[in-house]
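Written out below as structure tokens is the structure these notes cover.
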Amino acid sequence: RPRRSLRRSTHRPTEGGRRASGRAGAMGGEAFFAWLERRAREADSLVCVGLDPHEIDLVPLQAEGRTAPQAALEFCRRLVEATTHVAAAYKPNAAFFEALGAEGHTVLAEVIKLIPDDIPVVLDAKRGDISSTAAAYATAGYEQLNAHCMTIHPYMGFDSVAPFVEDKPGRGAFVLCKTSNPSSEDLETAQLVDGQLLYEKVARLCAGWNKHNNIGLVVGATDVEALARTRAAAPDLWILAPGVGFQGGNLGEAAAAGLRADGLGLLIPISRGISRD
């Protein structure tokens, strides 16, 4: 199976860290995962740079006189400027910004504005609701914050997925499938009456729901068997695979289990492994 390096590009950022590009965002009518694939090929990378301003990471910046929200913005600015040449996507984690209060929401919007227009932004918010509430979450993420993709829960079925992917050109969703936390097995590996595991059912459902090439899966890189079984259940879907680095996931094993036959289809989020390196 072809392998794809997570960091091969020799391109370096220009114009204060922003890539010069003649193409901005998803082109007219382009599906979200078509755009992500195009970006991955352009950057020759499967790295999704996590923007997670942990409180401990802000201490040195606050010592220079910044407030916590100002420190979070500066922390993320430095990460973006240092990684635009290797980022297939960026993934700001909404929780760390929400923890900063009302200013945190403003900072999150500013951080997303810092990201070059030709690089997809995955808002890690793990929303999960239905009807008008889910639609409001989608509006908040896509229209107010200008994210291109969101992480979401599928527990209530397609009703909780549809508001994020139906009639949303250039927008997408990564659906939680088999997560990287140890207690995920409390529910996600439950065996169903037909013999498949719950997360395999989720993967197959998402493959069927993916009518517009804008649904992917979240599967932890810490569980290589689950990655392989998910890939078998959903051969074409993109997988967001957190857990490499601080959580102990092995990059080579995750790539062997999760890549598609074309060497794509696997997005590896790295946050602390970059910011604390």
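The values are calculated or read from the model by the stated rules, or taken from the named source; none is laboratory data. Because the structure is predicted, anything quoted here is derived from the model rather than measured. Every residue, glycine among them, receives a Cβ derived from its backbone with ideal geometry; neighbour counts consider all protein chains shown. Please note that ligands, DNA and RNA were not included when accessible areas were found on the heavy atoms of the full protein model with its side chains. Shrake-Rupley method; radii C 1.70, N 1.55, O 1.52, S 1.80 Å.
Here is how the numbers come out for the structure above:
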{"item": "Ile130 vs. criteria touching an Asp or Glu at 6+ places or on another chain (Cβ under 7 Å) and either free of Cβ contacts under 8 Å to residues at least 40 places away in the same chain or open to solvent by 10 Å² or more (accessible area, probe 1.4 Å) (or both)", "result": "yes"}
{"item": "Boolean, Val122 is farther than 30 Å from Gly157 by Cβ, open to solvent by less than 60 Å² (accessible area, probe 1.4 Å), among the aliphatic types (A, V, I, L, M) and in contact with a Lys or Arg (Cβ under 6 Å, 6 or more places away or on another chain)", "result": "no"}
{"item": "In the stretch 162-187, the residues that are among the hydrophobic types (A, V, I, L, M, F, W, C), out of contact with any strand residue (DSSP E or B) (no Cβ under 9 Å at 6 or more places or on another chain) and open to solvent by less than 60 Å² (accessible area, probe 1.4 Å)", "result": "Ala162"}
{"item": "Selected residue (criterion: farthest from Ala34 (Cα to Cα)) from residues of the stretch 68-101 that are open to solvent by less than 10 Å² (accessible area, probe 1.4 Å), of a type outside the set (Ser, Thr, Tyr) and part of a helix (DSSP H, G or I)", "result": "Ala71"}
{"item": "Residue match in the stretch 246-267 (condition: of a type in the set (S, T, N, Q) and within 17 Å of His153 (Cβ to Cβ))", "result": "no"}
{"item": "Hits in the stretch 142-156 - residues which are in a helix (DSSP H, G or I) and either surrounded by 19 or more Cβ atoms within 10 Å (Cβ to Cβ) or touching a residue at least 24 places away in the same chain (Cβ under 8 Å) (or both)", "result": "Tyr142, Gln144"}
